[in-house]
Amino acid sequence: MPEGDTVLQTAARLHAALAGRALTHADLRVPRFATSDLSGRTVLDVTARGKHLLTRIEGGLTLHSHLRMDGAWRVYAPGERWRGGPGHQIRAVLTNADHTAVGYRLPVLELLRTSEESKAVGHLGPDLLGPDWDPALAVDRLLAAPDRPIGEALLDQRNLAGIGNVYKCELCFLARVTPWLPVGALPDGVLPRLVALAHRLLDANRDRPTRTTTIRAERRPRTGAPAPNPPQRPLPPSGCRNPCTSTAGSTAPACAAAPGSARSTRPTGRRTGARPASRARCRRYRGAQRHKDRYHKDRRIN
C-alpha cells in the first residue's frame, strides 16, 4: 500500500496538473456518482491527509480517494496514450485544457461536500507530513493502548497517519525493538524517539523519486546538486595488486621499476596448474560425505 510520502507526491502531481484550471470533462465511473457533472468547475487544490487524497473543487465539493493496495493516479498530456491499465479499471477521469488525470483501480472514491471532509478523514491521527503534526499527541494516542504490539499500533492511522508496513518494519529495526513488543513494555524514551524518527524518515522522502530509510540521506541538503565525490585512493602502477608505500607512508610513484621488488614481480593471475577453489571445495565435500555414509553404515551394522 502506498504510504504517506508516496501519497503526498501523488497529491503534488495532481495539484500541479489540475489546480487553478477549469475541468472540461469529468467522469466518475462509480455507480453512486456516475451522474455527477463537474464540467466547468475549477479545481482549487489537491492535498494529502495521511494516505487519503482530497481534491477540492469549486462549489464546495471534495473528491475523496484512497489508493489502498492497487490504486493509482496518472497524469497525461493531451493525445498521450493512457498506460495505467485496461479501460475497465478506470474509476475517474478529470480533464482540463492541459492535462488529464486518470484514477485506476481506486477502491475508495466518493464526492462529498468540503464542509463534511471530517466524515472521511476526521478519524485520522496527526499527519506525519501535514502542517498539524503534533508528536506529543501521537505519543499520547500510542500510549492509550499499552497492551497493543508496537508494530500494530504504528499501523493504526488513528494514532498517527502515514505509516505503512515498510516504515513500520524500518522504524522497529532502527529503534532495535521487536514489532510484537507491547507499547507499554518499551523502555523509557524509546516511544518518543520512535515517533520523531518516523517523522524524519517520511520527511526525508517527501520529494525523493527513490525512497531511503537511512538518516544519512536526510542530512544532505535538497539543493539539486550532485553529491560530492569521496576522496580517491591513488591507483597502483600497472602490474601491481596494491599500491606500494614507502616508510613515510606515501604511495611510491613507480614500484614496478624497482628491480627485485617482491610486490612488483609477483604475478597477478592464477598460478599455473592451480585448481579452481570451487573444485577443491567439491572434493572436500565429497570426501566428508563418504566419511559420513561410512560412519552411518558402521552404526547400522553394529
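The values are calculated or read from the model by the stated rules, or taken from the named source; none is laboratory data. Note that the coordinates shown come from a computational prediction; the quantities given were computed from them, not determined experimentally. Note: ideal-geometry Cβ built from the backbone for every residue, glycine included; neighbour counts use all protein chains shown.
Of the listed requirements (1) over 16 Å from A145 (Cβ atoms); (2) modelled with pLDDT of 90 or more; (3) not in a helix (DSSP H, G or I), R206 misses just one: (2).
In a residue-by-residue description of the stretch 144-164, the property of being polar (S, T, N, Q) and without any contact (Cβ under 8 Å) to a residue 24 or more places away in the chain applies to no position.
Listed by position, the strands (runs of 3 or more DSSP E) inside the stretch 10-57 whose residues that are more than 18 Å from E117 (Cβ to Cβ) number at least 3 are 25-28.
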